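A.B. asks: Below is one structure. I have some questions about it.
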Amino acid sequence: GKKIVKSVTEKTWNPLLKGHFILPFGYCGLVETIREYGFILPDWIDYRYDSIEDDRERFDRYIFCVTKLLKLTTNDLNILFERDLWILESNRRLFFDKPLDNLYNKIVKKVEYECRFYWGWETRKRCG
């Protein structure tokens with residue numbers, strides 16, 4: 001069968017590091033993976049699209065979510081931002097307050113697992 005690599009890229013990590021709310025689109029389960037790393041996501045963004053397996057259907061639901069967010073007023077967004085600023089601060093602390101190798105090691109272990117699982121590679125030989 002077709003081998004699919006699932007990874008969180010800098011396009012997701014950078015906004016989290018910079019203290020932004022995110023609305024990532026990628027593989028089915030991407031948002032869940034981000035949560036598994038310990039990141040908190042706001043309840044006013046509908047991330048239910050993340051569990052839809054069909055790519056086209058997931059993308060359509062994602063666009064629906066984006067459209068819904070675009071309808072929020074600046075005042076609404078300011079209120080939500082103020083209410084959930086703690087989430088952004090908590091997510092940034094994951095990068096800065098823990099020893100750097102904690103998140104790094106978690107990511108390396110995931111990459112090593114994917115290399116072994118998807119390709120049967122020894123990570124020291126081919127992935128590093």
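A.B. asks: I need the shape label for segment 6-117. Rule: rounded when a/c is under 1.5, else prolate if a/b > b/c, else oblate, with a, b, c from the alpha carbon gyration tensor.
C.D. replies: Because a/c hits 1.5 or more and a/b fails to exceed b/c, segment 6-117 counts as oblate.
A.B. asks: What is the packing order of peptides 70-83, 28-41, 45-58, taking the mean over residues of other C-beta atoms within 10 Å and listing the highest first?
C.D. replies: 28-41, 45-58, 70-83
A.B. asks: Using all alpha carbons of segment 43-96, what is the percent of pairwise distances in each 10 Å bin, ordered from the shortest bin to the longest?
C.D. replies: Histogram of Cα-Cα distances, whole percents per bin: 21, 36, 34, 9.
A.B. asks: Using only the Cα atoms of segment 24-74, build the gyration tensor, take square roots of its eigenvalues as a ≥ b ≥ c, and label the shape rounded, prolate or oblate: rounded if a/c is under 1.5, else prolate if a/b is larger than b/c, else oblate.
C.D. replies: It is oblate, given that a/c is not under 1.5 and a/b is not larger than b/c.
A.B. asks: What residues of segment 78-98 lie in the reach of a label at TYR37, counting those whose backbone N is under 17 Å from a point 7 Å from the Cα along Cα→Cβ?
C.D. replies: What the label zone holds, given the 17 Å backbone N cut-off, is 87-98.
A.B. asks: Spelling out what I want: for every residue of segment 22-37, take phi, set θ = phi - 60°, compute 6.51 cos²θ - 1.76 cosθ + 1.60 (Karplus), and round to whole Hz; glycine and proline get x.
C.D. replies: Values per residue, Gly and Pro as x: 10, 9, x, 10, x, 5, 4, x, 4, 5, 5, 4, 4, 5, 4, 6 Hz.
A.B. asks: In whole Hz, what ³J(HN,Hα) sequence does segment 73-80 give by Karplus (6.51, -1.76, 1.60; θ = phi - 60°), x for Gly and Pro?
C.D. replies: 7, 4, 4, 4, 5, 5, 5, 5
Each value in this text was obtained by applying a stated rule to the coordinates, not by laboratory testing. Just so it is clear, the structure is predicted and the values come from calculations on it, not from any experiment. Cβ coordinates were reconstructed from backbone atoms using ideal geometry, including for glycine residues, and neighbour counts include every protein chain displayed.
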